[in-house]
Amino acid sequence: MKVLNLRCAHHHAFEGWFGSEEDFLDQNARKVIECPMCADKSISRLPSAPRLNLSGAREPAQPAADKSLAVAKPAASPAELSPADMQALWLQAVDHVLQNTEDVGESFPEEARRIHYGESAHRGIRGQATAHERAALAEEGIEVMALPLPAGLKGPAH
Ligand SMILES: [Zn+2]
């Protein structure tokens, strides 16, 4: 006997027992297989469980990317992430920004301009800017990202 994972056109998943794969193909071609939930006869076969497990096992073998790439490519799709996972990813992203930027504090808008116009070394910076200042920078073509930091990561005030 062979147990196949099947699905109807309405996405009801169910198991079907057949003597062989050919039996399934033959019965399906003759439309004698019905969905037990809605009696639909448009039955398709889902990949068998062993195949799914195999493809899942291959993923961690991919070369480990750096931190920023890990954030950009979470293992699961966003819909599958729990709020705790989302928070962990967010904290990872924040941590990455903190590790890779220089804190210039209140002089952020001024320093961002200097870097943009080549008067200061090109580097990632972070600091405080009001919405108005960010809008002014954007008008000059300077990309600025607002990053609301979790309260615990703000550190001592400068
Ligand atoms: Zn169905």
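Laboratory data are not the source of any read-out in this text; all were calculated from the coordinates shown. The shown structure was predicted, so the numbers you read here are calculated from the model rather than taken from an experiment.
Values for this structure:
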quantity	calculated
Diffusion coefficient, µm² s⁻¹, Stokes-Einstein with Kirkwood Rh over alpha-carbon pairs of segment 101-153 at 20 °C and 1.002 mPa s	187
Estimated vicinal HN-Hα couplings, Hz - segment 139-145 in sequence order (Karplus 6.51, -1.76, 1.60; Gly, Pro = x)	5, 8, x, 9, 6, 10, 10
Cα gyration tensor shape of segment 2-55, rounded if a/c is under 1.5, else prolate or oblate by comparing a/b with b/c	oblate
